[in-house]
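Student: Pasting in a structure now, in structure tokens, and then I'll have a few things to ask.
The values are calculated or read from the model by the stated rules, or taken from the named source; none is laboratory data. Only a predicted model underlies this, so the values are computations on that prediction, with no experimental measurement involved. Here the Cβ positions follow ideal geometry from the backbone for every residue, glycine too, while neighbour counts run over all protein chains shown. Side chains included, ligands, DNA and RNA excluded: accessible areas come from the protein's heavy atoms. Shrake-Rupley method; radii C 1.70, N 1.55, O 1.52, S 1.80 Å.
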Amino acid sequence: MCKNKKVRVTIDSRDFDFPVIEGSEKEKGIDISSLRSETGYVTLDVGYANTGSTQSSITFLDGEKGVLRYRGYPIEQLAEKATFLEVAWLLFYGEMPTDSEIESFSQKVALGGDLHKDISNLFGGFAQDSHPMAIFSAGTMALSGYHPDFLKNGLSKEDKDRLFVCVMGQMATLAANIFRFKYGKAPINPDKSKSYEQNFLHMMFSEDDKEYRSSKSVLEALRVLLILHADHEQNCSTSAVRLIGSSLSNCFASLSGGIAALWGVLHGGANQKMIEMLEMIQNDGCGYKKYIEKAKDKKDPFRLMGFGHRVYRKLDPRANVIRAKCDALLEQLGKKDPLLDIAKELERTALEDEYFIERKLYPNVDFYSGIMYRAMGIPVEMFTVLFSLGRIPGWLAHWKEMVESSSFRISRPRQIYTGHTERNLF
Ligand SMILES: CC(C)(COP(=O)(O)OP(=O)(O)OC[C@H]1O[C@@H](n2cnc3c(N)ncnc32)[C@H](O)[C@@H]1OP(=O)(O)O)[C@@H](O)C(=O)NCCC(=O)NCCS
């Protein structure tokens, strides 16, 4: 709390003082928790663009300056030096792990990767054409049935440690198995001797008679993408995880809801839509400029995918890292992707266009990530699953922070009712 600082609001000619809350980066908010009881009024903030739903010490984001930090560490440094499991630990526990902590954690995650054999029966209930995100969300919910220990309320510290390991291990296997189901292949068991990234690619791409050997550049690309996706403070899916968890529903149910929220094209689903848009531009043959005009036309529902963000008014710092890594990956693999050329032209033109300048619309994390996933041999429908896999530590960290918070309450927004006033049926 900002000592003694208050904001005075006059409502119906009466003055009310509300305390000012100041965060560690000097962000200020007005604590209106007593607003309704004192004044009878509620606030209205459609889309929550001005509403702080919680205080959190996990991730700091400054959209005006293009800054993103996990637990204080700049995303650029983590993307340069850390492993994904180290970042997962950092998000969940608040500090970078020691050598012995990360060694033991990595082993436990690898050992925890075997799914119960019955989980794959679930896949058979899905149409072959089902989107992998539908199966991922349902599969995550199904995991709750195989881990009854974690369903009770008031989990101990040791329970939460084990839950963290279990979720990190099981979700990677689940994601890879969904890919194999979709493409008519038998699941591959985790290889406990491999790193998280190596094991994931092995479970995706190895064949019975041929083990997948990941190149250094593909492993590096996967590491960076998972880290960049690992958390993004109170975004739509993380807020969904918190909201679901706030009813004391279990952690698997919360994560399943987070995956459902991430699937949408305005959120994580944009990485798939971005590539589909580039393919449409390529096949159309009329050139990308037509699509810039379509994006600006208010009568046209078309939006430039991978562009714009609720909080960034500058280049998304994750897009900055991804753009450089994308160029490096294609060069190392000796691949040329014509979609990358279209993307670069779109970006250059949009950034010089008044419409995008005025609205401060820049490429976001999804603008180049799809081109990297393509180069790694990951099918477009799996892109958002990969995003979800990266986001799991962030969701878990927020879920943990919420259930441990001294101000924990069920989330239950109000509304301004605009329907009929009372009327009689007879
Ligand atoms: C991310 C997104 C949902 C943010 O939405 P938001 O914060 O509600 O922003 P708004 O929709 O209010 O956009 C503000 C203005 O920019 C325009 N705009 C935003 N993103 C745009 C885009 N990608 N293409 C064209 N115009 C866009 C809006 O039409 C609006 O214009 P107006 O002020 O003339 O009405 C939005 O930018 C978007 O749809 N982007 C494309 C999908 C995407 O890449 N999502 C991934 C996000 S990581």
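Student: Among residues other than residue 269 whose Cβ falls under 14 Å from its Cβ, what is the net charge (Lys/Arg +1, Asp/Glu -1)?
Tutor: 0
Student: Using mean Cβ contacts within 10 Å as the protection proxy, how do 105-113, 254-262 order, highest first?
Tutor: Working: 105-113: 18.9, 254-262: 25.1.
Averaged packing, sorted descending, gives the order 254-262, 105-113.
Student: At a 1.4 Å probe, what is the % contribution of carbon and sulfur to the accessible area of region 6-67?
Tutor: 46 percent
Student: Still on this structure: I'm a student and want to see the number: the projected area of the Cα convex hull of the chain, averaged over all directions, in nm². Spell out each step's value before the answer.
Tutor: Values: hull surface 106.4 nm².
For the chain, the mean projected area of the Cα convex hull comes to 26.6 nm².
Student: Compute the relative contact order of the chain as a whole-number percentage, counting only Cα pairs closer than 8 Å that sit 6 or more residues apart in sequence.
Tutor: 19 percent
Student: Counting only heavy atoms of protein chains, what accessible area per residue, in Å², does the chain have with a probe of 1.4 Å?
Tutor: 51 Å²
Student: Then there is this: Note down the Stokes-Einstein diffusion coefficient of region 134-264 in µm²/s, whole number, using a Kirkwood radius over alpha carbon pairs, 37 °C, and 0.692 mPa s.
Tutor: Working: Rh = 16.1 Å.
So the translational diffusion coefficient is about 203 µm²/s.
Student: Rounded to the nearest 20 Debye, what is the dipole magnitude of region 191-317 about its Cα centre when Lys and Arg each give +1 and Asp and Glu each give -1 at the C-beta?
Tutor: In total the dipole reaches around 680 debye.
Student: Further question on the same structure: So what's the projected area for region 6-67, the Cα convex hull averaged over all directions, in nm²?
Tutor: Taking the Cα atoms of region 6-67, their convex hull projects to 5.3 nm² on average.
Student: Another question about this same structure. Please give the net charge around residue 108, taking every other residue with its beta carbon less than 12 angstrom from that of residue 108, where Lys and Arg add +1 and Asp and Glu add -1.
Tutor: Taking every other residue near residue 108 into account, the sum is -1.
Student: Under 15 Å from the Cβ of residue 384, count the other residues' Cβ atoms, weight Lys and Arg +1, Asp and Glu -1, and hand me the total.
Tutor: After counting each charged neighbour, the total is +1.
Student: In whole percent, and with a 1.4 Å probe on the protein chains, what portion of the accessible area of region 72-416 is carbon and sulfur?
Tutor: Solvent-exposed carbon and sulfur of region 72-416 make up 52 percent of the total.
Student: Also: How compact and how long is region 191-250, expressed as Rg and Dmax of its alpha-carbon atoms in Å?
Tutor: Rg, Dmax (Cα atoms, Å): 16.6, 48.
Student: Around residue 73, which amide H atoms from residues at least 5 apart in sequence, or from another chain, sit under 5 Å from its own amide H, with H modelled in the peptide plane?
Tutor: Amide H neighbours of residue 73, under 5 Å, 5+ apart: none.
Student: Greater than 26 Å separation of Cα atoms is the criterion. Which listed pairs, 108/335; 299/360; 160/192, meet it?
Tutor: The answer is 108/335.
Student: I need the phi-derived Karplus couplings for region 219-233: 6.51 cos²θ - 1.76 cosθ + 1.60, θ = phi - 60°, integer Hz, Gly and Pro marked x.
Tutor: Here the 3J(HN,Hα) series is 4, 5, 4, 5, 4, 5, 5, 4, 5, 5, 8, 5, 7, 7, 6 Hz.
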